[in-house]
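So the structure is just underneath, and the comments pick up after that.
The values are calculated or read from the model by the stated rules, or taken from the named source; none is laboratory data. The structure presented is a predicted model; accordingly, all values stated were derived computationally and were not measured. FYI the Cβ positions are ideal-geometry reconstructions off the backbone, even for glycines, and counts take in every protein chain you see.
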Amino acid sequence: MSAPVFANYIDGAWIEGPTFDNRNPANTDEVVGLHVKGTPEDVERAADAAQAALPGWASMNAPARGALLYKVADILDRRFDEISADMTREEGKTLPEAKGEVRRSINIFRYFAGEGSRLAGVLAPSERDRVHMFAVRKPVGVVGLITPWNFPSAIPAWKLAPALICGNTVVMKPASAAPLSAWRLIEACHEAGFPKGVVNFVAGSGSAIGSALLKAKPLKAVSFTGSCQIGNWLHEEASKRRLRIQLEMGGKNPTIVLADADFNSAVENTVNAAFFSTGQKCTATSRAIVEEPIYDRFVEAVVERTKRLKVGNGMEAGIEIGPCVDEGQMNTVLHYIEAGRKEAGEPRCGGQRLTGGAHAKGWFVEPTVFAGVTQDMVIAREEIFGPVLAIMKAGDFKHAMQIANASEFGLSASLQTTNVSRMYEYIYGIEAGLVTVNLPSAGVEYQLPFGGAKDSSFGPKEQGPAAIEFYSDYKTVYVKY
Ligand code: NAP
């Protein structure tokens with residue numbers, strides 16, 4: 001049976017054309033779908049369609065826009081099982097993880113649908129008599145959304161839903177390694193009955209069509225999640241034309257484990273944050289910084305727990321860790337494992353590609369733990385984005401904080417402790433945008449601002465009320481009566 005074709009969506013129409021393969025990273029024989037390879041001209045037409053649709057969409061009352069977002073959520077809910085399975089097949093994460101992510105996308109659409117009935121502006125008393133003054137929100141305009149493969153539904157959803165509720169029209173460019181989950185959101189918008197041109201979708205390689213999106217005349221803002229390399233380039237391009245921009249990028253997230261922590265839950269939280277989703281979460285832990293008195297016992301317990309993780313095809317029950325998303329990502333992980341070997345010696349567990357039997361047709365790497373890692377080593381400094389954990393020893397809390405903050409990144413961080421004073425010192429002193437205590441460093445909710453510090457992020461935060469700030473502008477009004 002030939003694989004289904006997923007067309008691009010421009011001005012309310014499905015646009016066919018030459019395609020590229022979307023393959024299952026757990027079984028590369030399986031082509032999950034063929035996605036139409038967009039061209040720079042497609043991007044321009046999509047941006048023009050978004051511009052043409054803008055006045056109508058922006059002037060529709062916001063609760064009515066919200067009603068359409070509720071419909072999208074209902075459609076996704078109805079197809080929950082199918083969309084979740086698609087995600088496992090295209091990205092490799094386990095089915096329970098995929099279901100969790102699709103549930104999150106549905107909740108995001110409902111949350112922002114509800115914002116349609118709020119979208120509060122600002123009301124303030126005037127210093128002048130008989131003057132009424134207030135500020136109302138208005139959309140920014142045509143917005144470009146560029147998304148990564150690791151949360152192929154939730155990240156597109158947490159950009160698309162707030163952009164739409166604020167009255168913007170959009171052009172989305174999904175990641176080429178996992179475009180189907182984002183495509184499912186667009187399909188749901190189509191079925192929900194969005195006016196043509198409000199939502200546009202152009203798949204295709206970033207290097208081929210990214211520049212056309214940044215140069216498209218109608219574009220007023222761009223929201224990007226992905227690597228620092230592409231984010232920095234986008235920032236330069238966007239600055240040339242003063243586009244509003246939001247960048248969420250890489251991380252090197254620490255989990256600090258103090259001697260007073262609940263030992264078993266600290267081990268569980270560290271292993272969960274380092275290896276679930278194959279370590280391919282931007283908020284994954286890649287450095288565990290452990291206080292000296294419990295260091296040896298902690299390394300032993302983490303290694304023992306890691307060896308028990310079941311790696312395989314995420315569609316199978318009981319599998320905890322799926323494959324890397326593609327061969328390139330797997331090779332990057334193997335390259336960093338070699339770098340770790342040279343600097344820190346043999347890993348305490350893992351360290352190999354898995355090739356035989358059930359792993360023969362996928363991009364599987366053993367969950368890998370290095371111990372005795374120090375700050376100067378490559379695996380302690382550079383983002384790996386795979387199932388590799390570096391364990392580092394700290395003399396005390398202060399030393400642990402110093403190691404944790406010695407990174408150019410600042411996305412998320414976790415502390416494992418039962419000491420309340422240490423907890424607050426950490427909350428105020430750690431250089432990260434997302435801070436957890438006695439939880440994994442990964443695992444965020446949509447109701448609060450999301451984003452990092454330092455080189456991990458640039459511009460306003462995403463999600464929660466912060467998203468409304470990015471996707472809307474103010475118009476300030478003074479009335480003499
Ligand atoms: P990436 O290579 O930067 O790609 C991200 C997106 O940018 C993809 O859609 C990609 O398209 C597109 N792109 C590539 N070149 C482009 C260009 N010249 N112009 C416009 N768009 C272009 O990142 P990734 O490998 O997909 O994702 C992994 C990275 O994302 C990691 O660094 C991770 O930490 C980060 N991330 C951060 C967060 C966060 O919230 N901070 C969340 C998730 C992931 P193609 O796929 O076609 O190349």
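Here are the numbers for this structure:
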| quantity | calculated |
| --- | --- |
| In region 168-197, the residues that are more than 19 Å from residue 216 (Cβ to Cβ), away from the ligand (no atom under 14 Å from the Cβ) and either of a type in the set (Ser, Thr, Tyr) or part of a loop (DSSP other than H, G, I, E, B) (or both) | 193, 194, 195 |
| Only one of 121, 141 that is in the same structural domain as residue 59 (by TED's automatic domain parsing), more than 16 Å from the ligand (Cβ to nearest atom), of a type in the set (Gly, Ala, Ser) and buried (at least 16 other Cβ atoms within 10 Å of the Cβ) | 141 |
| Test for residue 472: is it under 27 Å from residue 120 (Cα atoms) and either away from the ligand (no atom under 16 Å from the Cβ) or touching a Ser or Thr at 6+ places or on another chain (Cβ under 8 Å) (or both) | yes |
| Residue 207 being free of Cβ contacts under 8 Å to residues at least 12 places away in the same chain, within 11 Å of the ligand (Cβ to nearest atom) and in the same structural domain as residue 106 (by TED's automatic domain parsing) | yes |
| Residue in region 323-339 that is closer than 26 Å to residue 260 by Cβ and in a helix (DSSP H, G or I) present | no |
| Of the criteria (1) within 16 Å of the ligand (Cβ to nearest atom); (2) surrounded by 19 or more Cβ atoms within 10 Å (Cβ to Cβ), which one residue 448 fails | (2) |
| Sole residue being within 16 Å of the ligand (Cβ to nearest atom), touching a helix residue (DSSP H, G or I) at 6+ places or on another chain (Cβ under 6 Å) and not aromatic (Phe, Trp, Tyr), chosen from 349, 324 | 324 |
| Among residues of region 184-223, those that are over 14 Å from residue 49 (Cβ atoms) and either modelled with pLDDT under 95 or in contact with a strand residue (DSSP E or B) (Cβ under 6 Å, 6 or more places away or on another chain) (or both), counted | 5 |
| Residues located in region 446-456, provided they are outside any loop (DSSP other than H, G, I, E, B) and over 12 Å from the mean Cα position of the chain (by Cα) | 453, 454 |
| Filter result (of a type in the set (Phe, Trp, Tyr) and within 16 Å of the ligand (Cβ to nearest atom)) within region 276-318 | 276 |
| Lone qualifier among 432, 390, 404 - being of a type outside the set (Val, Ile, Thr), surrounded by 24 or more Cβ atoms within 10 Å (Cβ to Cβ) and part of a strand (DSSP E or B) | 390 |
| All positions within region 212-255 that are in a loop (DSSP other than H, G, I, E, B), more than 18 Å from the chain's Cα centre (by Cα) and either under 13 Å from residue 148 (Cα atoms) or not hydrophobic (A, V, I, L, M, F, W, C) (or both) | 217, 218, 241, 242 |
| Residue match in region 109-124 (condition: touching an Asp or Glu at 6+ places or on another chain (Cβ under 7 Å) and at pLDDT 95 or above) | no |
| The lone exception for residue 260 - which of (1) under 18 Å from residue 321 (Cβ atoms); (2) assigned to a loop (DSSP other than H, G, I, E, B) it fails | (1) |
| Number of the exception - residue 287 against (1) more than 30 Å from residue 398 (Cα to Cα); (2) in contact with a Pro (Cβ under 7 Å, 6 or more places away or on another chain); (3) of a type in the set (D, E, K, R) | (1) |
| Matching residues in region 281-315 - criterion: being charged (D, E, K, R) and either more than 25 Å from residue 24 (Cα to Cα) or touching a residue at least 24 places away in the same chain (Cβ under 8 Å) (or both) | 281, 287, 291, 292, 296, 297, 300, 304, 305, 307 |
| From 36, 31, residue being over 25 Å from residue 141 (Cα atoms), among the β-branched types (Val, Ile, Thr), surrounded by fewer than 22 Cβ atoms within 10 Å (Cβ to Cβ) and modelled with pLDDT of 95 or more | 31 |
| Subset of region 263-299 (residues that are assigned to a strand (DSSP E or B) and either under 20 Å from residue 100 (Cβ atoms) or out of contact with any strand residue (DSSP E or B) (no Cβ under 8 Å at 6 or more places or on another chain) (or both)) | 285 |
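Quick grid of which residues meet (1) within 23 Å of residue 46 (Cβ to Cβ); (2) away from the ligand (no atom under 12 Å from the Cβ); (3) of a type in the set (A, V, I, L, M, F, W, C):
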position: 220; (1), (2), (3): yes, yes, no
position: 242; (1), (2), (3): yes, yes, no
position: 246; (1), (2), (3): yes, no, no
position: 256; (1), (2), (3): no, yes, yes
position: 261; (1), (2), (3): no, yes, yes
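Residues are listed down the side, and each one gets a yes or a no for (1) within 14 Å of residue 244 (Cα to Cα); (2) modelled with pLDDT of 95 or more; (3) near the ligand (Cβ under 9 Å from one of its atoms):
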{"site": "134", "(1), (2), (3)": "no, yes, no"}
{"site": "148", "(1), (2), (3)": "no, yes, yes"}
{"site": "152", "(1), (2), (3)": "no, yes, no"}
{"site": "158", "(1), (2), (3)": "no, yes, no"}
{"site": "163", "(1), (2), (3)": "yes, yes, no"}
